[in-house]
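Structure first, then comments.
The values are calculated or read from the model by the stated rules, or taken from the named source; none is laboratory data. These figures come from a predicted structure and were not determined experimentally. So basically every Cβ, Gly included, is an ideal-geometry build from the backbone, and we count neighbours across all protein chains shown. Side chains are part of the model used for accessible areas, which takes the heavy atoms of the whole protein and leaves out ligands, DNA and RNA. Shrake-Rupley method; radii C 1.70, N 1.55, O 1.52, S 1.80 Å.
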Amino acid sequence: MTTPRRPSPPLRSPERRRGEPGPSGDSAAKRDSERRPGELTARELGRWTWRQITSMRTALLLLLLLALAAIPGSVIPQADVDSLAVTRWKDQHPKLTPIYQKLDLFSVYSSPWFSAVYLLLVLSLVGCIIPRLLVYYRALRAQPPAAPRHLTRMPVQASYTTEQAPADVLEQARGVLGRRHRLRATGDGDDYVAAERGYLREAGNLVFHLSLLVVLAGVAMGSLWGYQGGVILVQGTTFSNNLTQYDDFKPGGLFRQDQMKNFRFSVDDFSVDWLKSGPRFGQARKFEAALSYRTGDAEPRKYNLRVNHPLEIDGTDVFLIGHGYAPVITIRDGSGQVVCTGPTPFLPRDASFLSYGVVKCPTAKPGQIGLEGMFYPSFEMQNGNPVTVFGDDLNPTLSMLSYTGDLGLDDGRSQSVYVLDKAKATPLKKADGKPMRVDLQPGDTVELPDGLGTVTFDRVDPWIRVQISQTPGKGIALLGVILALIGLCGSLFIRPRRVWVRAVPAEDGTGTRVEVAVLDRSGNGETDEVLARLLPQLKKESQ
Amino acid sequence: MSNTAWETLSNQAVATAGIVYFLALVVYLAEWASLRQPAADRELVGVGGGAEPAASAAAPAAGAPAARTAFLGRLGILLTALACAAHFVALVGRGMAADPNRVPWGNMYEFTLSGTFVVALLYVVLYKKFALGWMGPLVVGFVVATLMVAVIWLYDAVAPLTEALNSPWLVIHVISAVIATGAFTLGGIASVMYLVRMRAERRAAAAERPLSRWLDRVPQLDALDRLAYRVHAFAFPVWTFAVLITGPIWAHEAWSRYWNWDPKEVWAFITWVVYAGYLHARATAGWKGRKAALLALVGVATLWFNFIGINYFSTTSQHAYAAERIVP
Ligand code: HEM
């Protein structure tokens with residue numbers, strides 16, 4: 001904070017109050033004259049730095065810097081938001097990728113430089129708030145200041161004469177102002193009334209800024225102790241809340257496994273409403289998953305999980321965030337034994353629910369069997385191309401390529417269930433040398449060449465993708481913003497005002513001369529209007 | 001009435017509103033033009049006018065031209081109000097055309113329709129209280145231009161809401177966001193005029209000639225500054241409520257994370273921070289007035305960029321209204 005530069009002394013903004021030179025100001029000036037120019041003690045340097053950091057101007061610049069720093073994350077894909085987009089971007093920009101990576105541009109909002117900006121802002125905020133809290137505490141207990149000597153020199157003032165005695169005028173003024181102002185206790189011989197109102201404005205401002213810290217604390221708790229995990233669940237399956245059951249899991253920095261609540265739920269049914277007409281033809285709506293869930297040994301309970309209606313179990317939230325198809329495929333090997341069977345989730349490629357999936361059957365004899373291909377919910381041939389015309393499974397069809405050989409499942413490396421490792425596998429060929437396609441509709445069975453076995457497409461089950469998360473501190477963050485909003489309204493809409501009324505015997509000896517001045521300390525109020533409203537009241541009461 | 005009838009009604013109402021806004025614009029421009037009187041007249045009132053706008057506005061010396069100006073001004077606000085009513089019908093029609101009926105905030109076209117409606121409505125409502133007559137051509141011009149953008153580029157047929165939008169929070173969140181957007185826009189217009197008038201005043205002072213008459217109608221700098229502040233002071237808490245309270249609550253329910261640094265969220269945050277900067281600027285010596293007004297303009301730019309622009313820059317936004325989100 002620099003020393004005040006503005007000339008008009010009565011306009012004390014909070015900034016000025018913070019900037020008032022401390023008691024050491026004078027002696028420092030004296031010492032200055034004895035030293036060479038440019039010389040600063042460490043203490044002074046420290047104080048100077050602190051003042052810079054906590055100055056209003058720095059706060060303003062840091063705010064603008066924060067806005068600026070937030071921009072890159074909105075144009076460059078962010079790993080936290082859409083990791084797929086990040087991978088795609090990296091593939092397209094091999095040259096820029098290392099540079100961007102160095103600059104943390106794929107995780108802007110957790111990068112050191114972004115954190116530096118907001119931490120500096122927090123520092124500035126704390127440095128700004130604490131002194132102001134003290135100032136405010138003192139201001140609350142202080143009396144409204146005495147009237148300036150020359151009220152008529154104030155920017156907004158008026159004067160008039162009346163027949164009434166000065167003491168009566170002041171008495172009336174106290175009556176008028178006392179209702180909505182705090183009055184200064186009068187000393188003997190005071191010829192004025194001093195009134196002040198709007199103390200809560202500063203309180204609002206302080207609450208607002210302090211609440212920002214509360215919000216930050218809440219958000220920080222969420223990212224330190226929270227977690228988010230996702231899992232795909234086929235209709236009819238059960239999930240127990242256990243690390244091993246998740247498909248993906250993102251814990252916060254201080255997450256401990258014993259935080260995970262003990263619950264289970266099963267997906268009994270899933271239904272979707274498909275729009276069969278209108279401009280949004282093909283759009284899916286009313287996703288609804290019927291769950292039964294239980295915590296510990298409690299009785300199972302039912303819940304209809306829908307978008308916008310998450311299920312909360314014991315502080316853990318379960319959200320429905322996606323759905324798709326899982327064809328149920330049965331593979332019999334060369335000996336006619338069922339070796340692999342069950343639903344396999346296929347991942348939708350787009351809104352038409354054309355889906356991609358992989359089936360691996362390493363236990364089949366005489367050779368391992370791998371399938372890779374597409375699922376068409378509503379299959380149709382259009383101009384010789386296979387397409388799906390609708391997202392609903394009106395004509396479910398599988399079309400996959402088949403492989404045998406080493407699927408890479410035996411060497412102990414972990415492998416995505418959605419990728420077929422074809423490095424050491426060979427595509428199966430039909431007798432005529434063409435690739436062996438497995439094109440099936442529910443109930444169909446196809447025989448693989450070389451006596452490898454058969455593949456049967458039994459039926460299609462829906463799957464849902466649920467997100468399961470704990471977000472500790474979300475209540476605190478919410479409380480913080482609500483408090484901030486309340487404080488903000490106080491800070492913006494309460495008008496801090498001082499009013500002085502002075503009554504002295506008129507110079508010509510007849511009656512009393514009354515001077516009134518109004519000062520709006522926020523600099524935003526309509527002081528003229530206030531004065532205009534006040535004058536008739538003062539005059540009326542004095543009749 | 002059938003759904004298609006409602007949709008047709010809505011389209012016709014938009015067209016009507018557009019035409020009437022345009023008429024209002026023409027009338028306002030005529031009003032401005034009538035302020036630029038022939039030189040002889042100008043001589044009469046111009047002298048005092050430059051120094052004391054209040055006096056010149058009421059100057060009886062202008063006689064018949066002043067009466068004409070006043071008439072045009074009244075006609076302008078009347079037309080604006082009529083257009084605003086048609087605009088409202090257009091919004092209702094969109095909502096009624098959908099099956100099931102809903103709030104008219106399903107896609108960008110409807111958002112833009114609502115945003116411009118709030119700008120016009122706030123103008124009409126606040127016209128008297130803040131003596132906003134001078135703002136007429138700017139507001140109406142902005143509304144006409146944005147409506148044209150909406151009709152030409154953003155038009156979308158009536159459709160049911162996507163599942164994530166289907167929430168009571170949509171109503172609360174969008175109402176507050178749209179109101180704040182409308183108010184920030186008005187505040188931005190006041191700030192533009194602050195800068196324009198400031199420049200004109202400086203030039204006029206340098207050339208020692210009075211301010212041009214149409215600028216005379218614009219309030220004085222400190223009044224403009226205060227007006228801009230009051231509008232912003234109203235809009236900022238509403239925006240805070242929209243993007244930092246209802247937005248996250250809804251995002252938590254629909255997408256499982258209350259804040260995800262999604263591009264729309266990022267820009268809403270940027271807008272918020274810039275306006276916080278604006279409020280700080282007004283309390284900082286050396287930033288009052290001009291710099292604060294510039295910041296307000298940056299704020300409005302980020303606001304409308306977020307409203308319309310970001311959709312074209314970023315494909316990862318979950319707020320891509322038309323697209324179906326529930327595809328993993
Ligand atoms: C974390 C970022 C911050 C945000 C979002 C923020 C936001 C705001 C807002 C919206 C206001 C307007 C309310 C009003 O006019 O009373 C305000 C006022 C104020 N802020 Fe901040 N602020 C931040 C940090 C700071 C810091 C670091 C300081 C200290 C240097 C500071 C000092 C002030 C002061 C003194 C006012 C009162 C201005 C007046 O009297 O009009 N703020 N702030």
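With the requirement that a residue be in a strand (DSSP E or B), at negative phi and within 14 Å of chain B (Cβ to nearest Cβ), what does the stretch A:280-303 give you? Before the answer, list the steps.
Step one: list which residues in the stretch A:280-303 are in a strand (DSSP E or B), which gives A:284-295, A:301-303.
From what's left, at negative phi: A:284-285, A:287-295, A:301-303.
Across the stretch A:280-303, the qualifying residues are A:Ala284, A:Arg285, A:Phe287, A:Glu288, A:Ala289.
When the residues of the stretch A:189-214 are narrowed to those that are touching a strand residue (DSSP E or B) at 6+ places or on another chain (Cβ under 9 Å) and within 14 Å of the ligand (Cβ to nearest atom), which ends up nearest to the other protein chains (Cβ to nearest Cβ)?
That would be A:Gly198.
If you take the residues of the stretch A:215-230 that are within 11 Å of chain B (Cβ to nearest Cβ) and part of a strand (DSSP E or B), which of them is most open to solvent (accessible area, probe 1.4 Å)? Lay out the reasoning, then the answer.
Within the stretch A:215-230, the first condition is being within 11 Å of chain B (Cβ to nearest Cβ), and the residues that meet it are A:215, A:218-219, A:222-223, A:226, A:228-230.
This time we only want the ones that are part of a strand (DSSP E or B), so: A:228-230.
Details: A:Gln228: 40, A:Gly229: 1, A:Gly230: 0 Å².
Per the stated criteria, the residue is A:Gln228.
Here is a list of conditions, (1) over 18 Å from the mean Cα position of the chain (by Cα); (2) on the phi < 0 side of the Ramachandran plot, and A:Leu212 meets all of them except one; can you say which number that is?
Here A:Leu212 clears every test but (1).
Would you confirm whether or not the stretch B:154-164 contains a residue that is over 11 Å from the mean Cα position of the chain (by Cα), closer than 20 Å to B:Asn101 by Cβ and part of a helix (DSSP H, G or I)? Step through it out loud before you land on a result.
Step one: of the stretch B:154-164, the residues over 11 Å from the mean Cα position of the chain (by Cα) are B:154-164.
Narrowing the set further to residues that are closer than 20 Å to B:Asn101 by Cβ leaves B:156-164.
The next check asks that each one be part of a helix (DSSP H, G or I); those that pass are B:163-164.
Scanning the stretch B:154-164, I find at least one residue that is over 11 Å from the mean Cα position of the chain (by Cα), closer than 20 Å to B:Asn101 by Cβ and part of a helix (DSSP H, G or I), so the answer is yes.
Tell me, yes or no, whether the stretch A:308-326 has at least one residue that is open to solvent by 70 Å² or more (accessible area, probe 1.4 Å) and part of a loop (DSSP other than H, G, I, E, B).
yes
Under 8 Å between Cβ atoms, at least 6 apart or on separate chains: pull out the pairs that start in the stretch A:269-287 with a residue that is within 20 Å of B:Trp255 (Cα to Cα) and modelled with pLDDT of 75 or more and end on any residue that is surrounded by 15 or more Cβ atoms within 10 Å (Cβ to Cβ) and of a type in the set (S, T, N, Q).
Correct list of pairs: A:Phe270/A:Gln235.
Tally time: how many residues in the stretch B:235-249 are more than 8 Å from chain A (Cβ to nearest Cβ) and either over 29 Å from A:Gly322 (Cα atoms) or open to solvent by 20 Å² or more (accessible area, probe 1.4 Å) (or both)?
The qualifying residues number 3.
Looking only at the stretch A:61-78, count how many residues are in a helix (DSSP H, G or I), more than 8 Å from the ligand (Cβ to nearest atom) and under 22 Å from the mean Cα position of the chain (by Cα).
Residues of the stretch A:61-78 that are in a helix (DSSP H, G or I), as a first pass: A:61-70, A:72-75.
Now narrow it down to the ones that are more than 8 Å from the ligand (Cβ to nearest atom): A:61, A:64-65, A:67-70, A:72-75.
Add one more test, that the residue is under 22 Å from the mean Cα position of the chain (by Cα), and what stays is A:64-65, A:67-70, A:72-75.
Within the stretch A:61-78, residues that are in a helix (DSSP H, G or I), more than 8 Å from the ligand (Cβ to nearest atom) and under 22 Å from the mean Cα position of the chain (by Cα) number 10.
Residues checked against (1) farther than 26 Å from B:Ile172 by Cα; (2) within 21 Å of the chain's Cα centre (by Cα); (3) within 16 Å of the ligand (Cβ to nearest atom):
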| site | (1), (2), (3) |
| --- | --- |
| B:Pro237 | no, yes, yes |
| B:Ala242 | no, yes, yes |
| B:Ile249 | no, no, no |
| B:Ala254 | no, no, no |
| B:Arg257 | no, no, no |
| B:Pro263 | no, no, no |
| B:Gly286 | yes, no, yes |
| B:Thr302 | no, yes, yes |
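Looking only at the stretch B:198-213, which residues are surrounded by fewer than 16 Cβ atoms within 10 Å (Cβ to Cβ) and without any contact (Cβ under 8 Å) to a residue 24 or more places away in the chain?
Residues satisfying the conditions are B:Arg199, B:Glu201, B:Arg202, B:Arg203, B:Ala205, B:Ala206, B:Ala207, B:Glu208.
Quick one: how many residues across the stretch B:141-157 are open to solvent by less than 20 Å² (accessible area, probe 1.4 Å) and among the hydroxyl-bearing types (Ser, Thr, Tyr)?
Selection size over the stretch B:141-157: 1.
Can you go through A:Val86, A:Val81 and tell me which one is under 17 Å from A:Leu105 (Cβ atoms) and within 8 Å of chain B (Cβ to nearest Cβ)?
A:Val81
Please note which strands (runs of 3 or more DSSP E) are completely contained in the stretch A:445-543 and include at least 2 residues that are within 16 Å of the ligand (Cβ to nearest atom), buried (at least 19 other Cβ atoms within 10 Å of the Cβ) and of a type in the set (D, E, K, R).
Strands (runs of 3 or more DSSP E) meeting the threshold: A:497-505.
Taking the residues in the stretch A:103-119 that are within 13 Å of A:Leu65 (Cβ to Cβ), touching a helix residue (DSSP H, G or I) at 6+ places or on another chain (Cβ under 8 Å) and within 14 Å of chain B (Cβ to nearest Cβ) as candidates, determine which candidate is farthest from the ligand (Cβ to nearest atom).
Within the stretch A:103-119, the subset within 13 Å of A:Leu65 (Cβ to Cβ) is A:113-119.
Among the residues that remain, those that are also touching a helix residue (DSSP H, G or I) at 6+ places or on another chain (Cβ under 8 Å) are: A:113-114, A:117-118.
Applying the additional criterion that residues be within 14 Å of chain B (Cβ to nearest Cβ) yields A:114, A:117-118.
On the way: A:Phe114: 14, A:Val117: 10, A:Tyr118: 8 Å.
So the residue we want is A:Phe114.
It is to be established whether one or more residues within the stretch A:346-369 are closer than 30 Å to A:Phe287 by Cβ, in a loop (DSSP other than H, G, I, E, B) and of a type in the set (S, T, N, Q).
Checking the stretch A:346-369: at least one residue is closer than 30 Å to A:Phe287 by Cβ, in a loop (DSSP other than H, G, I, E, B) and of a type in the set (S, T, N, Q).
Does A:Phe249 count as more than 30 Å from B:Glu7 (Cα to Cα), aromatic (Phe, Trp, Tyr) and surrounded by fewer than 18 Cβ atoms within 10 Å (Cβ to Cβ)?
Yes: the conditions hold for A:Phe249.
Scan the stretch B:256-284 residue by residue and report those that are at the interface with chain A (Cβ under 7 Å from one of its Cβ atoms), open to solvent by less than 10 Å² (accessible area, probe 1.4 Å) and touching a residue at least 40 places away in the same chain (Cβ under 8 Å).
B:Asp262, B:Pro263, listed by residue number.
Any idea how many residues of the stretch A:49-78 are β-branched (Val, Ile, Thr), closer than 14 Å to A:Leu120 by Cα and either open to solvent by 50 Å² or more (accessible area, probe 1.4 Å) or facing chain B (nearest Cβ under 9 Å) (or both)? Break it down stepwise before answering.
First, pick out the residues of the stretch A:49-78 that are β-branched (Val, Ile, Thr): A:49, A:53-54, A:58, A:71, A:75-76.
Subsequent filtering for residues that are closer than 14 Å to A:Leu120 by Cα retains A:49, A:53-54, A:58.
If we keep only those that are either open to solvent by 50 Å² or more (accessible area, probe 1.4 Å) or facing chain B (nearest Cβ under 9 Å) (or both) too, we end up with A:49.
Going through the stretch A:49-78 one residue at a time, the tally reaches 1.
Suppose we filter A:Val417, A:Val387 for residues that are exposed (fewer than 15 other Cβ atoms within 10 Å of the Cβ), touching a residue at least 40 places away in the same chain (Cβ under 8 Å) and among the β-branched types (Val, Ile, Thr); which single one remains? Explain how you work it out, then say what you get.
Details: A:Val387 fails: touching a residue at least 40 places away in the same chain (Cβ under 8 Å).
One residue alone meets the criteria, A:Val417.
Return the residue satisfying two criteria in turn: it lies in the stretch B:214-228 and is open to solvent by less than 10 Å² (accessible area, probe 1.4 Å) and under 19 Å from B:His280 (Cα atoms), and of such residues it is farthest from the other protein chains (Cβ to nearest Cβ).
B:Leu224
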